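> One structure, as structure tokens, below. Some questions next.
Values in this text are rule-based calculations from the coordinates and carry no lab data. All figures in this text were calculated on a predicted structure; none of them were measured in a lab. Here the Cβ is made from the backbone with ideal geometry for all residues, glycine too, and neighbour counts use every protein chain on show.
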Amino acid sequence: MRAMILAAGRGERMRPLTDATPKPLLMAGGKPLIAWHLEALVRAGIRDIVVNHAHLGHLIETALGDGKRFGAAIRYSAEGQALETAGGIAHALPLLGAEPFAVINADIACDFDYARLPALADTMTGRGLLAHLVLVPNPPHHPQGDFALCDGRVAEQGGALLTFSGIGLYAPRLFAGIASGSKAMLAPLLRAAMRDGTVSGELHAGRWIDVGTPGRLAELDRILSAL
């Protein structure tokens, strides 16, 4: 199974830290944020990885190279301007293949076991699923949540709303209507698929941090440095 790490965001709320350093290369626990994901994916047996980038993307390529030192094979999907989440994924589809793939936000920290993903991906086509989302309890900065989890399916409503973790599995055809190089957001695609009943999900109750501010980056650094 292939995986994509989303690394194209500008990181406006992280400025001035991100003025000269792309957000995925900010350090926590002695490593760049993106390195934690690469290492976890490789431990899970997922080694074919695509990384998209826009802001200071050349620095990401310089830092990670071809991925061999992580035990991975990294390919890059360069975006002149960030294409939003769905646009970035659609642009990278030629690198991701015809089977369901994993997508992970570079700017989260989570102890979810990525080794669960290949088996889940293998079942998606047979179950008619376009996506599988990992949801987490709502953090203080996002108390309203995003989606409901009802009997293993994700819906817009119908229960207590949980927060989308930024970890998901997707079938390539979810992005079939997006022209390569165009901007597109992920949420409208997911909501349309939810209305068709083609999005499954699960709750992860372990560690999860959206590293969206310098304060949360410092918190994560304290946590990871203590491991």
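> Calculate the FRET efficiency for Asp122 and Arg69 from the Cβ-Cβ distance with a Förster distance of 35 Å, rounded to the nearest 0.05.
0.75
> A follow-up question, please. With Cα extents along the principal axes in Å as the read-out, I listed (i) 43, 37, 31; (ii) 51, 39, 31; (iii) 70, 34, 29; which label goes with the value calculated from this structure?
Of the listed options (i) 43, 37, 31; (ii) 51, 39, 31; (iii) 70, 34, 29, (i) comes from this structure.
> Could you work out the relative contact order of the range 2-225, using alpha carbon pairs under 8 angstrom and six or more residues apart, expressed as a whole percent?
With pairs under 8 Å counted, the relative contact order is 26 percent.
> Cα to Cα, under 16 Å, and not fewer than 8 places away if on the same chain: which lysines meet these conditions relative to Lys23?
Qualifying lysines at Cα under 16 Å: Lys31.
> If I take R0 = 41 Å and measure r between the Cβ atoms of Glu12 and Ala98 in this structure, what FRET efficiency does the formula 1/(1 + (r/R0)^6) give, to the nearest 0.05?
For R0 = 41 Å, the calculated efficiency reads 0.70.
> Relative contact order of the range 106-227, please, whole-number percent, based on alpha carbon pairs below 8 angstrom and at least 6 residues apart.
Computed value for the range 106-227: 36 percent relative contact order.
> Taking R0 as 25 Å, what FRET efficiency do you get between Lys183 and Gln144 from their Cβ-Cβ distance, rounded to the nearest 0.05?
With a Förster radius of 25 Å, E is 0.50.
> Fully extended, how many nm does the chain gain between Glu39 and Ala218 (0.36 nm per residue separation, minus their Cα-Cα distance)?
62.4 nm
> If you add up the charges near Gln81, with Lys and Arg at +1 and Asp and Glu at -1, over every other residue whose beta carbon is less than 13 angstrom from its beta carbon, what do you get?
Charge balance near Gln81 sits at 0.
> Hey, could you grab the Kirkwood Rh for the range 1-111? Inverse mean 1/r over distinct alpha carbon pairs, Å, one decimal.
Roughly 13.9 Å, rounded to one decimal.
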